[in-house]
Amino acid sequence: MANELNSLLEPGMLVRHPAQPDWGLGQVQSNINGKITVNFEHNGKVTIDGAHVALMLVSQS
């Protein structure tokens with residue numbers, strides 16, 4: 001797995017894609033068997049293979 005954090009991501013959490021900063025902030029929609037669906041501000045809904053991309057959690061304070 002690219003990042004153990006990916007397994008902890010839950011719907012509603014905010015993330016960024018490290019290789020696609022222009023996609024903006026993304027909200028996790030689902031995380032099923034390492035396939036993470038995220039709705040990004042500037043790129044819409046994307047399904048990401050958590051084994052290959054380590055999403056970055058954004059603080060929700």
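Starting at 0 and stepping by 10 Å, how many percent of the alpha carbon pairs of the chain end up in each bin?
Binned Cα distances yield the sequence 26, 63, 11.
Relative contact order of the chain, please, whole-number percent, based on alpha carbon pairs below 8 angstrom and at least 6 residues apart. Mind dumping the intermediate values first?
Working: 126 pairs, mean separation 23.6, N = 61.
Reported relative contact order: 39 percent.
If we count every other residue with Cβ under 12 angstrom of Leu25's Cβ, Lys/Arg +1 and Asp/Glu -1, where does the sum land?
Overall, the nearby charge balance is -1.
If we count other beta carbons within 10 Å of each Cβ, what is the order of Val38, Val58, Val46, fewest first?
Result, fewest neighbours first: Val58, Val46, Val38.
In nm, to one decimal, how far is the Leu14 label point from the Val46 one, both placed 7 Å along Cα→Cβ?
Distance between label points: 1.8 nm.
Tell me the net charge near Leu9. Cut-off is 14 Å between Cβ atoms, Leu9 excluded, with +1 for each Lys or Arg and -1 for each Asp or Glu.
-1
Throughout, read-outs are computed from the coordinates displayed, never taken from laboratory work. Just so we're clear, the structure is a prediction, and the values are computed from it rather than from any experiment. No Cβ is skipped: glycine too gets one built from the backbone with ideal geometry, and neighbour counts run over all protein chains shown.
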